[in-house]
Amino acid sequence: MAITLTAPKAAVFPAAEVEKSIREVLAQQAADQAVLRASAPNSPGSTVGPSWEPEIDSLVAVEVICAVEELLGIKLPATFSPRGGYDSVEACVNDLMSETKLAWTEVTKEKQTNDQ
């Protein structure tokens with residue numbers, strides 16, 4: 001699990017800002033996906049995508065992770081994005097919040113140790 005520090009922007013994990021960023025990116029991606037689905041022809045009798053599609057696919061999860069990295073100024077490991085994505089927005093938010101907080105804590109501890 002390689003986490004690299006560019007420059008943490010705060011000494012305390014900014015949970016509210018991280019959650020807001022995650023939800024904003026998810027909302028934008030959902031809006032973009034809705035436009036794409038509306039313009040794509042549906043198969044007869046189908047009004048939604050295939051049943052195997054997750055609500056939050058792995059590409060969207062990567063977009064969210066990039067936004068969080070930019071917000072916090074840290075590089076998160078690629079393992080943060082699960083294969084196949086997430087079944088719900090809440091699952092995505094909860095997972096990424098807990099994983100990001102763990103990574104943030106590790107990075108800030110490393111920085112404090114190096115600064116001593």
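Peptides 104-115, 59-70 ranked from most to least packed, by the mean per-residue count of other Cβ atoms within 10 Å: 59-70, 104-115.
Extension gain, E90-A11: 0.36 nm per intervening residue step, less the Cα-Cα distance, totals 25.8 nm.
Sequence-distant contacts, meaning Cα pairs under 8 Å at least 6 residues apart, place the relative contact order of region 50-116 at 38 percent. Using the Cβ-Cβ distance between M97 and L36 with R0 set to 25 Å, the FRET efficiency works out to roughly 0.40.
Laboratory data are not the source of any read-out in this text; all were calculated from the coordinates shown. Since this is a predicted model, take the numbers as computed values, not measurements. Glycine gets a Cβ as well: all are built from the backbone with ideal geometry, and neighbour counts include every protein chain shown.
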